[in-house]
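Attaching a single structure in structure tokens format; questions to follow.
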Amino acid sequence: MSLSLYFSGSLPCSSTKLIAISWLTQQTESSKRARGKKMLNLSRQLFSLFIFVCLSFYAHSQQVIFFTEDLPPLQIANDEQHNTSGALVELMELVIKESQINGKIQFYPWARSYGLSLEQPNTFIFSMLRSEEREQKFIWIDKLYTIRSYFAALKTRKDIAINSIDDAKQYSVGSIRHDLAEDYLLQKGFTLNKNLYLSSKYSILWEALYSGRVDIAFTNSVIWKHEIIKTGLDASMLSLIFDIPDFASDMYLAANLHTDPELIKKVKNSLTSIKADGRYDKLLEKWHLK
């Protein structure tokens, strides 16, 4: 409203002064509120920027953990010199170096590695089979390797005959806790502690198979022989008896959902570069996986 409107007409001088003072007061208060609102918005923006910078600095300065499990020859927890090794361990070491991050590879039984990577921001996990059930739980970086899965049994068990998944239900099947195989078998109608038995790590699984506590083990085409030898058992006693159909076979590097986007970008770009320039293929050849 224009101040001149207050002075139109024939109001007494005193009334005119009061109206003018009132109008000026209103304008002053309105201006103060506008400035206060602007300052509040600016403060909020500055605070948000401060939090973002702090989180980004923390994400890049803290040690970034790459969780995994003992899975020879892809990931080997301890050799004779107590060093970690394996094709995908060496690949992740290259990724960490090329990304210029403070990274560390940490071995645990699969169930624990899986759980920690779900809970802790700015962490990664490898090598994990990708499935519909896991899809929304992680950020999927890139494929690392492809395997095929099998049921395995001792050659002495001539009584075991399997031509389908349903045929296996009459036997006791061993697998790894929180492995994708557990979900797969449960979906196919197996019952926990009836015809499906879970172990925390592969050495326990193979000991269960060789001792007769389970009839069949769920394994894959690459790692079974290395695992059995490392456990101290005779791999020649085992046979792969059934090729598992419709089962995820691509193994991935994935990240916790609350991982800093810049960190994701660095790791992804490094892995892409290592694949593109031939270093990835050389690693597979070195470990006889190509």
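Quick one: count up the residues across segment 86-118 that are in a loop (DSSP other than H, G, I, E, B), modelled with pLDDT under 95 and either of a type in the set (A, V, I, L, M) or more than 17 Å from the chain's Cα centre (by Cα) (or both).
Total satisfying the criteria: 1.
Is it the case that SER249 is under 30 Å from GLU98 (Cα atoms), modelled with pLDDT under 95, touching a strand residue (DSSP E or B) at 6+ places or on another chain (Cβ under 7 Å) and polar (S, T, N, Q)? Steps first, please.
On the way: under 30 Å from GLU98 (Cα atoms): yes; modelled with pLDDT under 95: yes; touching a strand residue (DSSP E or B) at 6+ places or on another chain (Cβ under 7 Å): yes; polar (S, T, N, Q): yes.
So SER249 fits the description; yes.
Quick one: count up the residues across segment 156-199 that are at positive phi and free of Cβ contacts under 8 Å to residues at least 24 places away in the same chain.
Just the residues of segment 156-199 that are at positive phi, to begin with: 178, 189, 193.
Next, only the ones that are free of Cβ contacts under 8 Å to residues at least 24 places away in the same chain stay: 189, 193.
Here the count works out to 2.
Hey, could you check segment 190-227 for residues that are in contact with a strand residue (DSSP E or B) (Cβ under 9 Å, 6 or more places away or on another chain) and of a type in the set (D, E, K, R) and say which is farthest from TRP287 (Cα to Cα)?
The selected residue is ARG213.
Please indicate, with yes or no, whether at least one residue in segment 146-168 is surrounded by fewer than 18 Cβ atoms within 10 Å (Cβ to Cβ), in contact with a strand residue (DSSP E or B) (Cβ under 8 Å, 6 or more places away or on another chain), at pLDDT below 95 and assigned to a strand (DSSP E or B).
Yes, there is a match, as at least one residue in segment 146-168 is surrounded by fewer than 18 Cβ atoms within 10 Å (Cβ to Cβ), in contact with a strand residue (DSSP E or B) (Cβ under 8 Å, 6 or more places away or on another chain), at pLDDT below 95 and assigned to a strand (DSSP E or B).
Still on this structure, I have one more. In the list ASN78, ASN83, ASN122, which residue meets the criterion of being at pLDDT 95 or above and part of a loop (DSSP other than H, G, I, E, B)?
Details: ASN78 fails: at pLDDT 95 or above; ASN83 fails: at pLDDT 95 or above.
Exactly one of ASN78, ASN83, ASN122 is at pLDDT 95 or above and part of a loop (DSSP other than H, G, I, E, B), namely ASN122.
Right, here's the next one. Determine whether ARG177 is in contact with a Ser or Thr (Cβ under 7 Å, 6 or more places away or on another chain) and exposed (fewer than 13 other Cβ atoms within 10 Å of the Cβ).
Criteria not met by ARG177.
Let me ask something else. Between a first residue in segment 226-252 that is under 24 Å from ASP159 (Cβ atoms) and a second residue that is open to solvent by 50 Å² or more (accessible area, probe 1.4 Å) and at pLDDT below 95, which pairs have beta carbons less than 6 Å apart while being 6 or more apart in sequence or on different chains?
What qualifies is ALA235/LYS225; ALA235/ILE229.
Which one is surrounded by the fewest Cβ atoms within 10 Å (Cβ to Cβ) among residues in segment 232-290 that are closer than 24 Å to TRP140 by Cβ and among the β-branched types (Val, Ile, Thr)?
Selected residue: THR272.
The values are calculated or read from the model by the stated rules, or taken from the named source; none is laboratory data. As the structure is a prediction and not an experimental result, all values here were calculated from the model. Positions of Cβ are generated from backbone atoms using ideal geometry, with glycine treated the same way; all protein chains shown enter the neighbour counts. Accessible surface is based on the protein model in full, side chains and every heavy atom, while ligands, DNA and RNA are left aside. Shrake-Rupley method; radii C 1.70, N 1.55, O 1.52, S 1.80 Å.
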